Structure formats: C-alpha cells, structure tokens
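A quick write-up on the structure given underneath.
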Amino acid sequence: MRGACALAAGAFLLGLGLARGGEAQLTLARQLFERQDFIVRDLEKVEAAARDIAEIGKIRDAGLYTLTPEELRLESKGKEQFHVFMERCRNNTLESLKLLDIALGDRAADPLKKIFGDAMDVVVAVDIADSSLDEVAWYLEQGYGVKIGIKGDAESRLTMSLQGDMSLRAILEHVEQTFGVKLVVEDGRPWFVRP
C-alpha cells in the first residue's frame with residue numbers, strides 16, 4: 001500500500017506522456033517513480049526506529065531491568081531517526097504532490113515559477129542549521145541568485161534547521177510553516193510577509 005499512490009500517479013503520467021508524446025511528461029513520471037523510492041525507504045526507516053523505541057519503552061515500563069548506556073543510546077538514536085525520517089517522508093510526499101500539480105497544468109498559475117524557473121522543482125542538498133528568517137533568506141539568495149525581501153513583524157527569536165535533499169518549493173514551504181510567513185510576489189520580487 002505504501003507508495004501505491006505515487007506508483008499509480010507515475011504510471012498515469014507515463015501513459016499520459018506516451019499518449020501525448022511529451023518528453024516533459026515522461027520526465028515528471030520518472031521523477032515521481034524516484035520520489036516513491038525515497039518515500040518507501042524512509043517509511044521503512046521510520047518503522048524500524050519506531051520498533052526500537054517501542055522495545056526500549058517496554059523494558060523501561062517493566063521496571064525489571066536498568067537500561068544500559070548502550071540501550072539508552074539506542075533509544076535516543078531511535079527517537080532522532082524517527083523524527084528525521086518522518087520529516088524527510090513528509091517533504092518527499094509534498095514533492096510528489098507538487099510534481100502532480102505541474103503535470104496537471106498548474107505550472108502557469110505559479111508566479112514563483114516565473115522567478116525561479118525550473119529551480120523550483122530541482123532537488124538539491126540542503127544544510128541549514130539554527131538560522132533566523134533573515135539568514136535563511138540570505139542563504140536562498142546566495143543559492144538561487146534572487147533577492148528575497150522580508151515585510152512585517154516576523155518572530156525574530158525563531159530559528160530553523162533543515163537538512164536533506166529537497167527542492168526549493170519544499171524548502172519554501174518549510175520556511176513558511178516554521179516562521180509563520182507567506183512568500184508572495186510583488187512587483188516581480190518575492191517577499192516573506194506575515195499572512
């Protein structure tokens with residue numbers, strides 16, 4: 001069942017691409033199949049981490065044994081991996097949905113696509129650690145060559161960390177959720193603003 005939606009969507013797009021003879025549709029189908037593989041692998045890692053956490057929890061709850069340092073380390077590592085892979089799975093799911101939007105013709109309605117072009121959907125390695133909104137905007141400006149402004153009173157104490165492989169679209173969605181801002185285009189320039 002896992003990944004069945006992405007597989008079905010990929011098969012649909014592959015058929016659509018063949019029917020239309022469109023190379024772009026075939027590329028999207030390939031991207032969806034790749035994205036499905038990421039999602040399935042991450043879900044397997046989430047399940048393994050959840051099992052480790054549950055097993056250590058049973059030992060702790062039984063109260064018959066004292067957890068060894070190794071068991072405590074495994075519990076901590078399991079919790080960390082659970083959160084990391086859940087976040088990656090979420091991001092990959094969002095990527096798949098965006099690819100479907102593009103395939104179904106939503107591309108023209110996206111003003112950010114006009115500014116960032118195909119970079120919106122290209123997956124890149126991201127490593128942002130404990131950064132404020134100003135720092136994240138600077139990071140994106142350096143990476144994509146587009147000046148991003150900030151309007152309004154965004155919470156200045158908030159920071160964001162983000163690591164992994166994802167597209168600019170997924171990065172921007174994460175920024176919006178973390179800082180409670182919205183990326184809008186005004187006079188051809190993107191701005192992070194309070195909604």
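Values quoted throughout were computed directly from the atomic coordinates according to the rules given, and no laboratory measurement underlies them. Here the structure is a predicted model, which is why all the values come from computation and not from measurement. Don't worry about glycine lacking a Cβ; one is built from the backbone with ideal geometry, like all the others, and counts go over all protein chains shown.
Which aspartates and glutamates have a Cα less than 14 Å from the Cα of K147, not counting those fewer than 8 places away in the same chain? Those aspartates and glutamates meeting the cut-off are D134, E135, E186, D187.
Each of T159 and K114 was given a label point 7 Å from its Cα along the Cα-to-Cβ line. The distance between the two points is 3.7 nm. Checking the Cα-Cα distances for K77/K113; K98/K182; K113/K151 against a 29 Å cut-off, the pairs over it are K77/K113.
Subtracting the Cα-Cα distance of K182 and R41 from their residue separation scaled by 0.36 nm leaves 47.6 nm.
Placing +1 on each Lys and Arg Cβ and -1 on each Asp and Glu Cβ, with no other charges, gives segment 38-195 a dipole about its Cα centre of roughly 200 debye.
Cβ-Cβ distance of Q142 and R30, R₀ of 25 Å, FRET efficiency by 1/(1 + (r/R0)^6): the value works out to about 0.25. Dipole magnitude for segment 111-193: computed about the Cα centre from +1 point charges on Lys and Arg Cβ and -1 point charges on Asp and Glu Cβ, it is near 280 debye. Restricting segment 130-180 to GluC sites (Glu not before Pro) that sit in a DSSP loop and have at most 15 other Cβ atoms within 10 Å of their own Cβ leaves E155.
Of the residues G149, V175, T159, the one whose Cα sits farthest toward the positive end of the charge dipole of segment 111-193, with +1 on the Cβ of Lys and Arg and -1 on the Cβ of Asp and Glu, is G149.
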